[in-house]
1. Please report, in whole Å, how far the alpha carbons of the stretch A:22-111 spread along each principal axis, starting with the longest.
2. Please give the length that would be gained between residue A:29 and residue A:109 if that part of the chain were fully extended, namely 0.36 nm times their separation in residues minus their C-alpha to C-alpha distance (nm, one decimal).
3. May I ask you to derive the FRET efficiency for residue B:126 and residue A:19 from their Cβ-Cβ distance with R0 = 30 Å, giving the value to the nearest 0.05?
4. Once the dipole of the protein assembly as shown is set up with Lys and Arg at +1 and Asp and Glu at -1 on Cβ about the Cα centre, which of A:35, A:1, A:97 lies farthest towards its positive end?
5. With runs of 4+ DSSP H residues as the only contributors, calculate the mean residue ellipticity of the protein assembly as shown at 222 nm using -39,500 (n - 2.57) per run, divided by the residue total and rounded to the nearest 500.
6. For a quick check: sort A:126, A:142, B:83 by the number of other beta carbons within 10 angstrom, fewest at the front.
7. Evaluate the distance, in nm, between pseudo-label points positioned 7 Å from the Cα of residue B:170 and of residue B:101 along their respective Cα→Cβ axes.
8. Going by C-beta contacts inside 10 Å, put B:171, B:112, A:112 in order with the fewest on the left.
Amino acid sequence: MRLQISTQLAIFAVLELAAREGQQLSVADIGEKYGVSSHHLAKVMHVMGRAGLVRSVRGAGGGYQLAGNARRTTLLDVVQLFEDPNSVEADGGTADATAEGQALRRVLSEIDDISRATLGSITIATMRKLVDRTDKSSRANTASKRG
Amino acid sequence: MSRIRKEADLATAAKTREAKAEAHVRVRRARTADMAKVIALDARITELPKPDYWTDVFRRYGKQRLNERFFLVAESRADKSNTQLLGFIIGEVRAWEFGSTPCGWVFALSVDPNARLHGTGRALLDAISVEFKKAGVNKMRTMVARDTLLQMLFFRSEGMMAGPYIQLEKDLE
């Protein structure tokens, strides 16, 4: 499964905000870490703001805060703002009515179900734990290579 | 107070409540005297009483090959005079099925609905993880229906990821 750039940025932004609950981050801060333009990220944040996942804080030092609950918001909530997670679809027109088309649809539907179940069961809080574990493990690997 | 602030405060309060409650959970091996409570808890959750099944499970997992089979219960230790069964977990070390090296396999986990979101499930999973490690395995597996969101969210939050095996099935004609 390949996610669009906007979807990936949205996930990264939510993860950054979840790591700093109660604080705010500017699009420039987030954009710098992931090497993306503030302009592109601002569009992404706007979509998430409309959906109630983040909120903007105006004024000096303004930026964005996480608005939702990181333990209840799942990756699926973020992904489906930007794309259809059921994107693996047969588009055979009349072929869909054939036994072959229906058999193919069953296989693609299995892929969709697994994708949805995966994205829908991983919350932002769970992703944060995964990020922390991955970071810890890569630091340990680096240290062992140096040693 | 804004909805956003309220939700964040609720999340913080839930975390504090969970940490406090976790300290009041004691996990130990199941005993014969626990079985009536285990059977009642399962019947309440599944709405399908099956005393014979649980008696058999206890005979096999609570009394035999205890170095590799674990039937653990969680109880509240807030009130020692009236300990309450909060949940249970059952697992065993399985080896060589479908070429798998030995791993800890969790096949039952049940928590009293009134004790959920208070760290009971985590305490049970942590306790059985310790037992698996003592038994010499370093991988724990389980199987969850992908539409049971509560269980999926729980196991994911405990760091479990999809493993290298996929469950297959077919209708028997």
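We did not get these values from a lab; they are worked out from the coordinates using the rules stated. Because the structure is a prediction, the values reported are computed rather than measured. For neighbour counting, all protein chains shown are included, and Cβ atoms are generated from backbone atoms with ideal geometry for every residue, glycine included.
1. 62, 28, 21
2. Values: separation 80, 0.36 × 80 = 28.80 nm, distance 3.93 nm.
Result for the pair: 24.9 nm of gain on full extension.
3. With R0 = 30 Å, the Cβ-Cβ based efficiency is 0.80.
4. A:35
5. Result for the protein assembly as shown, helices only: -16000 deg cm²/dmol.
6. On the way: A:126 22, A:142 10, B:83 15.
Ordered from fewest to most neighbouring Cβ atoms within 10 Å, A:126, A:142, B:83 come out as A:142, B:83, A:126.
7. Placing both labels 7 Å along Cα→Cβ, they lie 3.2 nm apart.
8. The fewest-first ordering by Cβ neighbours comes to B:171, A:112, B:112.
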